Each structure stands twice: as structure tokens, then as C-alpha cells.
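The values are calculated or read from the model by the stated rules, or taken from the named source; none is laboratory data. Since the model is a prediction, treat every value here as computed from it, not as a measurement. Cβ placement follows ideal geometry from the backbone for every residue including glycine, while neighbour counts extend to all protein chains displayed.
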């Protein structure tokens, strides 16, 4: 597995250096993981969601390639991919809510079972707003939530991506869950 991590990082560096085939080689290396991320996201969406897994992967990859963000390594790449997918789904949820125009935000709590609750657009928007507030409050905690909850990286992968210990990842994850739980329940304002 370490070889694949190194190969993704090498292709990212080749892409930044203007390597001719680097983009297609990178895409081939990360496509399976991006599809897994997209499947996880879409599994949580409402049943009538219009995006397919492949569409979400392609749209996220295109959005990432259009930005000026140069990925330093595999962890950074998947963090940006998770952000792009989340943005796409939040945009769709906002459009869906605008069509329905059906009421205000719904309060939810934040824990590992939250994945089962994201099927309603209003909840996804609420969670996204709370994550943005967390990232402004504690950037590393916000990053850890994205990498673990949305990108599906393990504590060890996150530690490697952020150059911190797994113990620090676990401590920040615990803090972020508590902070988001209070934020989403309305206790913090």
C-alpha cells in the first residue's frame, strides 16, 4: 500500500512539473478510491438524487483540476477530493431545497451514525455550515473531520497526511465531534 501512496504523490509531483501523461496516470491511480468516496456519499443521499457515482467522481475531478491548488501528496489530494464532492452535493442540496422551499434548517447531532441522517438536503447543508464554522475555529480539527468522515481515511493515513501522530488525530477527532455536536444541537451560538 505504501508503494501506491508513493506513486500517487509521484504523479502529483509530475503533474505539477508539467509531465505529459501525469494527469491520466494520476486519474488511473486514484479512480477506484474516488469511486468509493462517491459511492459512500451517494449512499447517504435521498433516493431520487440525480447524480450517479461516476458523474460525482468526474465533476469533482474536473473541479479539482480547474483550481490553482497544487496537491502536495496523496492525503492532500483526497482531502481536496472530499471537499469537492461535499461542495457538489451541498450545491445540489441547496438547489433541491430552493425548488421545494420547504421550511428552515433542521437540527441534528454529530456522531458516527450521522451518515444515516444525511439523506435530507437540509441536514447536509446544516452539517456543511457547521463544518465551515469548525474549520474557522480550529482548522486542523476541521481537516481531520473531512479526511476521516468524508474521505474515509484511517487515523494513520490522516496522521501521515497532516504530519502528526495518530494519537493527536484521535484527540482532535474527539474534540471535533463534541464541538460539532454542540454546534448542531444549537447549544453554541
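Structure values in brief
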quantity	calculated
Counted residues, the range 49-64 - those being over 12 Å from residue 35 (Cα atoms) and either in contact (Cβ under 8 Å) with a residue 40 or more places away in the chain or not in a helix (DSSP H, G or I) (or both)	3
Residues within the range 66-100 that are at pLDDT 80 or above and loosely packed, with under 15 Cβ neighbours inside 10 Å, tallied	2
Search result, residues across the range 10-19 that are in contact with a helix residue (DSSP H, G or I) (Cβ under 9 Å, 6 or more places away or on another chain) and surrounded by fewer than 14 Cβ atoms within 10 Å (Cβ to Cβ)	16
Only listed residue being over 12 Å from the mean Cα position of the chain (by Cα) and surrounded by 15 or more Cβ atoms within 10 Å (Cβ to Cβ), chosen from 163, 172	172
Those residues of the range 7-45 which are under 22 Å from the mean Cα position of the chain (by Cα) and at pLDDT below 80, in sequence order	40, 41, 42, 43, 44, 45
